[in-house]
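See structure below.
Nothing in this text is a laboratory measurement; each read-out follows from the coordinates by a stated rule. Predicted model only: the values in this text are computed from it and were never measured. All Cβ positions, even for glycine, are placed from backbone atoms using ideal geometry, and neighbour counts span all protein chains on display.
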Amino acid sequence: MARTSTTWLEIDQVHCGDAPALIEQIAPESIALSVWSPPYHVGKKYEEENTFGDWQQLLQKTIAAHHRVLKKGGFLVVNIADIQCFKDESIPKIQAPNVALLKSPVTREDVLRAKEEHPDYNRYQLAALLKCSEQTIDRRLNGNNIRGGKYSTQTRVQLVGHFIDRFAYDAGLYLYDRRIWVKDPTWANSQWHSNSYRSVSEYEDLYVFWKPGETIVDRNRLESREWSTWGSRQVWQFPSVRTNDDHEAKFPLELPRRFIRLLTAEGDTVLDCFMGSGTTAIAALLEGRHFIGIDITPEYVQLARKGIAKALGDVKAQLF
Ligand SMILES: C[S@@+](CC[C@H](N)C(=O)[O-])C[C@H]1O[C@@H](n2cnc3c(N)ncnc32)[C@H](O)[C@@H]1O
């Protein structure tokens with residue numbers, strides 16, 4: 001794309017718009033590290049209109065756009081929970097009566113036994129015999145104890161890391177590493193654990209992709225204690241953000257901060273194209289790096305700008 005350098009997106013600013021379109025406006029090979037957490041397709045306000053296909057397209061286009069803007073030898077880090085759950089009409093109805101929620105103690109076996117003893121009884125007579133409603137007889141016989149009710153759309157459980165790996169590979173960015181962030185268990189958000197055998201979400205993946213080129217390995221970036229406690233370690237454990245009152249899906253400052261310290265040098269530029277509340281920009285500033293932020297939601301852009309201005313004030317106060 002032919003552009004003069006004056007028209008590229010300004011650094012140390014948050015820009016409002018669609019990630020893939022705005023990445024096109026970033027100067028080529030100017031980004032040492034891009035670190036972000038995309039929409040997870042779990043029905044948050046900023047994604048409620050989108051289908052799973054839209055989500056895949058957004059990720060594919062965003063990752064493809066990175067190849068031009070990353071420095072040779074630079075990195076893209078994607079933070080995502082590999083296993084996702086979302087409403088999907090194509091998923092078969094799940095028959096899962098929860099014993100604790102059953103209103104009548106009559107079991108399917110009770111009804112089958114009564115039917116065998118009284119083969120001529122209709123379901124009203126069976127109900128009278130077993131002292132329950134005829135709906136209970138119907139439910140036990142026809143197995144229509146559908147999770148969430150007969151007409152509810154069921155939930156698709158889908159692995160997504162493989163999509164991200166393929167989008168990156170197709171874009172010429174290669175999987176370099178994968179780390180795991182062990183977070184607080186998300187009991188409150190789980191629609192699953194109380195009404196099924198599924199586990200709650202307790203960790204997220206951190207996929208690290210590399211753009212071919214010279215990557216300087218500088219072991220002095222971290223202190224030896226940092227290398228042993230997290231720099232060389234695959235599993236990172238730190239708490240989630242507990243107050244999500246101004247943004248519903250923030251990641252903790254420690255997440256981008258570690259990658260910034262590990263994978264960039266002072267003065268480098270860090271991109272977050274799903275900037276949200278501005279966490280990555282704040283981490284970059286605190287570590288003496290530049291940033292470019294992008295988010296499609298105007299109120300989050302305002303929120304990020306406010307947080308960044310405060311962090312800048314704190315950095316200046318430390319210097320003087
Ligand atoms: C998981 S949140 C990121 C939160 C961020 N890491 C933080 O700590 O605050 C995803 C963000 O992507 C933004 N978003 C959704 N679709 C987008 C798009 N097409 N382009 C840019 N941003 C988008 C949402 O507004 C939301 O703030």
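Some values worked out for this structure:
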| quantity | calculated |
| --- | --- |
| Highest to lowest packing among 291-299, 225-233, 131-139, scored as the average C-beta count within 10 Å | 291-299, 131-139, 225-233 |
| Gyration tensor verdict on the stretch 189-320 (Cα atoms; rounded if a/c is under 1.5, prolate if a/b is larger than b/c, oblate otherwise) | oblate |
| Listed pairs Lys211/Lys316; Lys72/Lys306; Lys250/Lys310; Lys183/Lys250 exceeding 22 Å between Cα atoms | Lys211/Lys316; Lys72/Lys306 |
| Mean residue ellipticity (222 nm) of the chain, computed from DSSP H runs ≥ 4 via -39,500 (n - 2.57), nearest 500 | -9500 deg cm²/dmol |
| Given charges at Cβ of Lys, Arg, Asp, Glu: the stretch 178-320 dipole, positive-most of Thr186, Gln237, Gly276 | Gln237 |
| Among 78-87, 177-186, 240-249, the order from most to least packed when residues are scored by Cβ within 10 Å on average | 78-87, 177-186, 240-249 |
| Three principal axis lengths of the chain [C-alpha, angstrom, descending] | 87, 45, 35 |
| Rounded to 5, percent antiparallel among DSSP beta bridges of the chain | 55 percent |
| Neighbour-count order for His41, His162, fewest beta carbons within 10 angstrom listed first | His162, His41 |
| Inter-label distance, nm, simple model (7 Å from Cα along the C-beta direction), Trp8/Gln135 | 6.5 nm |
| Dipole magnitude (debye, nearest 20) for the chain, charges at Cβ of Lys, Arg, Asp, Glu | 520 debye |
| Gyration tensor over alpha-carbon atoms, the stretch 99-142, equivalent ellipsoid semi-axes in Å | 17, 10, 8 |
| Added length on full extension, which subtracts the Cα-Cα distance from 0.36 nm per residue, Asp54 to Gln158 | 35.9 nm |
| Centre separation in Å (Cα based) which lies between the stretch 193-222 and the stretch 282-320 | 24 Å |
| Angle in degrees between helix 298-319 and the longest Cα principal axis of the chain, rounded to the nearest 10 | 50 degrees |
